[in-house]
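The values are calculated or read from the model by the stated rules, or taken from the named source; none is laboratory data. What you are looking at is a predicted structure, and each value in this text was computed from that prediction instead of being measured. All Cβ positions, glycine included, derive from the backbone under ideal geometry; neighbour counts span all protein chains shown. Just so you know, the surface numbers come from the protein's heavy atoms only, side chains and all, with ligands and any DNA or RNA stripped out. Shrake-Rupley method; radii C 1.70, N 1.55, O 1.52, S 1.80 Å.
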Amino acid sequence: MNSVHQQAKRNLLLWTLIAAAVGLGIGMIIGRFGFCTEDGNQNVSGIPESLVQDGDPTISPEIISQIRSENIRQYLRELSEYPHLAGTDADYKQAKELHDFWKSVGLDEAFITPYDVLLSYPETEDESKMNRIFVYNSTNQIVWESALYEPILDPSENKSNVVPPFNAYSAPGDISSMELVYVNYGRVEDYRWLANSTNINVTGKIVLARYGKIFRGDKVNQAYLHGAIGIIIYSDPADYAVDGENSQVYPHDWWLPDTGTQRGTIFLGQGDPLTPGYPATENAYRLNESDSEAELPKIPSHPIGYGVAKTLIGYMSGAEVPQSWKGALNITYKYGGQLGNSGWRIRIRISTKNSKRRTYNVFGIIRGRIEPDRYVLLGNHRDAWVFGAIDPSSGTAVMKEVSRVMGNLARTNRWRPRRTIVFCSWGAEEYGLIGSTEWIEQYVKNLGSRAVAYLNVDIAVQGNYSLRSLGTPLLNSVIYDATKKVPNPDEQELAMKTVYDKWLSSFPDTDNKLPRISNMGSGSDYAPFIQRVGLPCLDIRYTFDSNKYKISSYPLYHSKYETFKVVDEIMDRGFKRHRAVGQTWAELARNLADSLIIPFKVEDYAHKLQSLVKQLDSDFGALMRKNGIQLDLLYNASSLFTSETTAFQKSVDSVNKKDPFAIRKINDQLIQLERAFIDPQGLPGRPLARHVLFAESSVNTYAGSSFPGLADGMFEIEGSPDEQRRWEIVKKHFTVILYTIESAASTLREASRFMPL
């Protein structure tokens, strides 16, 4: 017993000495690297200077100057040489080539992430089953049928594996109708006009709509909701060849020829239709295609060019439409109804089938030297409907060049960013943002705690006029600062030295005398980053003069004629605008990845919130007050948020930049601000759309909507059959918004001020 007692005493003494040594060591660390002085500031003498420095100021001009137009041109030539539709062999081939490129230019790591998802393809082998439109006479003889493919207009298009025009995820079917009804753009207001002004009912009929104004999937959905059995969608020259049928068109100009046809998805969701909310991994649970939760289209849909549309309109009867419904075809636009000759009918044969296929995301990484656990993400999708020289390969080519420059600097130890930069190449974006959404669903927790921002370039150049940007407000100052450093690619505009100068001149925001940054909808891969993660996002591209050309998109959008030839010889000779986009993109990433304090300006968020409240009041204020909603509460919440951002900005401006702990705390608060506007329950009726301020419109997926839950709830609410129930939903969501704004404001406070004042 005595020996045991002595051993216990020795053990106690040993542990006491260990504890004293550890305590002494900790004390020495604290004494060397920091202690609080009487005024509460951290003394951090001895901290390595590199931990508390901004990046090398000479790197910004060096990166900008190294972006080469000729490299981008060569990359685009290679990327757009052949069709590269998602889920095909060409999809993997490009993914592997990009992976190998990133390894070759000095990125620290590159890898491919596959997902097995539901995609959609038309019949291409059996001509008797291929998608087609027919017109029959009263004796059931075919008097007209549509072409199966767009004709070759330039030798560069003469390639195999060109998919014929189709709408992805269209319901298959062989349908006929004695009536064809023209519904203008196929919007809610167009059907309302038909019902109120003409008494035309489209139930049981086929409708004809023109592309533009809203997302094609919303056109199909509205046709279905109004009882149509099928829809044909065409590109009117008023929207895609502004001089009408007399336009100089491709291959001589960028305007759409009469045979050009816009392919595209009509799926309204985001991500794999069969695994909503969760990643499409090998062992994922998958819905049946018939499940309502899959939200697949319910009626057949088929796209056509305006040459075909002119023929169909020529067969139509009915009264002439009003001026606002007329396009630019040299024909009388009619509402339709019975085809012009008694007993005639129109038939749509759709054999499009859904198929489980593998698509691929590719990632290239430059690890951060100080904060490798903070990610700045640059993204572009890789898949195209055909050649994709504009959408998306112009963006892919620019991303390759940005990664080449940055990778080379990192490989030669000339530069390494403070934070990690991740280059992201998404698969199957065209089908419904599938690659990006699946990845986000798989890594949402990681991204929510570590990602700084997402910078998207879907298309680098869709016109040669000026930069345009969509974005969330924390990145406003970042894009303004970047564009002030990039030379205007149009050297003849001597009065406008920079991209910023041209942007401000072209698209000014009249409210603040700065270049306009528009709200984001759901038109590209930034959408799931905003909606699922709450990540600050930007989307940039060079565009056309939208003040001059009132068109919905660049004219050759998603057609076979979107070739390298049109980019190289017509849209951006010399690739100077591609270079300017690359320079801007690179500077955005460098600033976010290299600045000691993340360059978000929280006061910009407050200004945006105030403008959203005023816009809501202008649009719906009287109606809300009439139904007992106290809009003053929203003004008060906005004012509270503004006060908190002002106080927080003062703390940012006065922070001790020699204290890495203070810097990390500030940066953590900046990163979490956007996340604070995420409601885990989602918007009413849209559980996967979770940002209470920014989301796509429920009637136009392309368009952004402020306070989308309220805007959706009050859309045509007066006189609706369930008006009272809808008002209860609006009132509940209004209180959620109040809470969310107040909660977001609290993220900017010190811990001692978490409780409301």
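A few points about this structure:
- Any chance L274 is open to solvent by less than 40 Å² (accessible area, probe 1.4 Å), over 30 Å from G463 (Cβ atoms) and touching a helix residue (DSSP H, G or I) at 6+ places or on another chain (Cβ under 7 Å): yes
- Search result, residues across region 555-611 that are closer than 28 Å to P61 by Cβ and of a type in the set (K, R): R573, K576, R577, R579, R590, K601
- Test: residue in region 130-147 that is in contact (Cβ under 8 Å) with a residue 60 or more places away in the chain, within 22 Å of E562 (Cβ to Cβ), open to solvent by 50 Å² or more (accessible area, probe 1.4 Å) and not in a strand (DSSP E or B): yes
- Hits in region 501-541 (condition: more than 21 Å from H578 (Cβ to Cβ), in a loop (DSSP other than H, G, I, E, B) and polar (S, T, N, Q)): T510, N512, N519, S522
- Scan of region 592-611 for residues that are β-branched (V, I, T) and open to solvent by 10 Å² or more (accessible area, probe 1.4 Å), ordered by number: I597
- Extreme residue, least open to solvent (accessible area, probe 1.4 Å), among residues of region 241-267 that are on the phi < 0 side of the Ramachandran plot and modelled with pLDDT under 95: A241
- Neighbours by Cβ (under 9 Å, 6+ apart or cross-chain): first from region 452-480, free of Cβ contacts under 8 Å to residues at least 40 places away in the same chain; second assigned to a strand (DSSP E or B): Y480/L514; Y480/P515; Y480/I517
- Residues of region 176-233 that turn out to be closer than 19 Å to G314 by Cα and charged (D, E, K, R), as a count: 3
- Condition check for I152: within 27 Å of S301 (Cα to Cα) and either aromatic (F, W, Y) or free of Cβ contacts under 8 Å to residues at least 24 places away in the same chain (or both): yes
- Residue ranges of strands (runs of 3 or more DSSP E) in region 163-213 with at least 2 members surrounded by fewer than 20 Cβ atoms within 10 Å (Cβ to Cβ), at pLDDT 95 or above and out of contact with any Asp or Glu (no Cβ under 6 Å at 6 or more places or on another chain): 173-177
- Near pairs, Cβ below 7 angstrom, 6+ apart or cross-chain, from region 596-615 (within 19 Å of R516 (Cβ to Cβ) and in contact (Cβ under 8 Å) with a residue 40 or more places away in the chain) to any residue that is part of a helix (DSSP H, G or I) and among the aromatic types (F, W, Y): A606/F641; L609/F641
- Any strands (runs of 3 or more DSSP E) falling wholly within region 325-416 and containing at least 3 residues that are closer than 30 Å to I59 by Cα and open to solvent by 10 Å² or more (accessible area, probe 1.4 Å): 371-381
- For region 58-111, the tally of residues that are open to solvent by less than 50 Å² (accessible area, probe 1.4 Å), over 23 Å from Q462 (Cβ atoms) and outside any helix (DSSP H, G or I) stands at 7.
- The residues of region 172-202 that are out of contact with any Lys or Arg (no Cβ under 6 Å at 6 or more places or on another chain), in contact (Cβ under 8 Å) with a residue 24 or more places away in the chain and small (G, A, S) amount to a single one, G173.
- Count of region 118-152 residues which are touching a Pro at 6+ places or on another chain (Cβ under 8 Å) and more than 30 Å from V249 (Cα to Cα): 1
- Qualifying positions in region 148-162 - assigned to a loop (DSSP other than H, G, I, E, B) and either farther than 18 Å from I348 by Cβ or open to solvent by 70 Å² or more (accessible area, probe 1.4 Å) (or both): Y149, E150, P151, I152, L153, D154, N158, K159, S160, N161, V162
- Of all residues in region 445-477, those being among the polar types (S, T, N, Q) and assigned to a strand (DSSP E or B) number 3.
- Residue list for region 402-438, restricted to those being farther than 17 Å from A110 by Cβ, of a type in the set (V, I, T) and in contact with a strand residue (DSSP E or B) (Cβ under 7 Å, 6 or more places away or on another chain): I434
- Qualifying positions in region 482-513 - more than 23 Å from the chain's Cα centre (by Cα) and either open to solvent by less than 50 Å² (accessible area, probe 1.4 Å) or closer than 16 Å to S611 by Cα (or both): V486, N488, P489, D490, E493, M496, T498, K502, T510, D511, N512, K513
- Residue in region 554-570 that is part of a helix (DSSP H, G or I), surrounded by fewer than 18 Cβ atoms within 10 Å (Cβ to Cβ) and in contact with a strand residue (DSSP E or B) (Cβ under 7 Å, 6 or more places away or on another chain) present: no
- When we screen E723, E644 for residues that are over 21 Å from the mean Cα position of the chain (by Cα), of a type in the set (D, E, K, R) and open to solvent by less than 50 Å² (accessible area, probe 1.4 Å), the only hit is E644.
- Conditions (1) within 29 Å of P528 (Cα to Cα); (2) in contact (Cβ under 8 Å) with a residue 24 or more places away in the chain; (3) of a type in the set (A, V, I, L, M); (4) surrounded by fewer than 19 Cβ atoms within 10 Å (Cβ to Cβ); number of the one not met by L287: (2)
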